[in-house]
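Q: Encoded as structure tokens, here's the structure I'll be asking about.
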Amino acid sequence: MLKPVIVFAAETKKGYSITGRYQDFVKIICKEFNLNNKKILWIAYNSIEVSGTMKAAVFMPKSRFGNEIFYSVKWRNLMSNEIKEISRFLPLIGS
């Protein structure tokens, strides 16, 4: 696996979503744990959908204000090697 850290985000309550706030979520996690964003696989799990879908976030630098970098977020399907890697931590995924 090329990315040594996986952040797995799932909705925990109805009515609250971080979907529109991933940029802030990423900044907080990276700062709190002293992580490099480029070495993290960001995965969102949507349990509301019947099958429960997972998507990987791709962060692209959009603009800069001083030292602050703002990103745009695009979502893609997980690759087979990513599914295999995270299935070790989430056994229900592989079944």
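The values are calculated or read from the model by the stated rules, or taken from the named source; none is laboratory data. These numbers were taken from a predicted model, which means no experiment stands behind them. Ideal geometry is used to build each Cβ from the backbone, glycine not excepted, and the neighbour counts take in all protein chains shown.
Q: Assess whether Ile69 counts as being part of a helix (DSSP H, G or I) and modelled with pLDDT of 80 or more.
A: Here the answer is no, as Ile69 does not meet what is asked.
Q: In region 72-95, how many are at pLDDT below 85 and out of contact with any strand residue (DSSP E or B) (no Cβ under 9 Å at 6 or more places or on another chain)?
A: Total satisfying the criteria: 7.
Q: Taking only pairs six or more apart or across chains, which ones have beta-carbon atoms under 8 Å, a first residue in region 63-80 that is farther than 17 Å from Val7 by Cβ, and a second residue that is surrounded by fewer than 11 Cβ atoms within 10 Å (Cβ to Cβ)?
A: From residues that are farther than 17 Å from Val7 by Cβ, the pairs are Ile69/Pro61; Ile69/Ser63; Phe70/Pro61; Phe70/Ser63; Phe70/Arg64; Ser72/Met60.
Q: Looking for something of a type in the set (A, V, I, L, M), more than 13 Å from the chain's Cα centre (by Cα) and at pLDDT 75 or above - is there at least one such residue anywhere in region 32-43? First the steps, then the outcome.
A: Restricting attention to region 32-43, the residues satisfying the condition of being of a type in the set (A, V, I, L, M) are 35, 40-41, 43.
If we keep only those that are more than 13 Å from the chain's Cα centre (by Cα) too, we end up with 35.
Next, only the ones that are at pLDDT 75 or above stay: 35.
Yes, there is a match, as at least one residue in region 32-43 is of a type in the set (A, V, I, L, M), more than 13 Å from the chain's Cα centre (by Cα) and at pLDDT 75 or above.
Q: OK, next. Take the residues in region 24-40 that are of a type in the set (Lys, Arg) and closer than 14 Å to Tyr71 by Cβ; name whichever of them is surrounded by the most Cβ atoms within 10 Å (Cβ to Cβ).
A: For region 24-40, the residue satisfying everything is Lys27.
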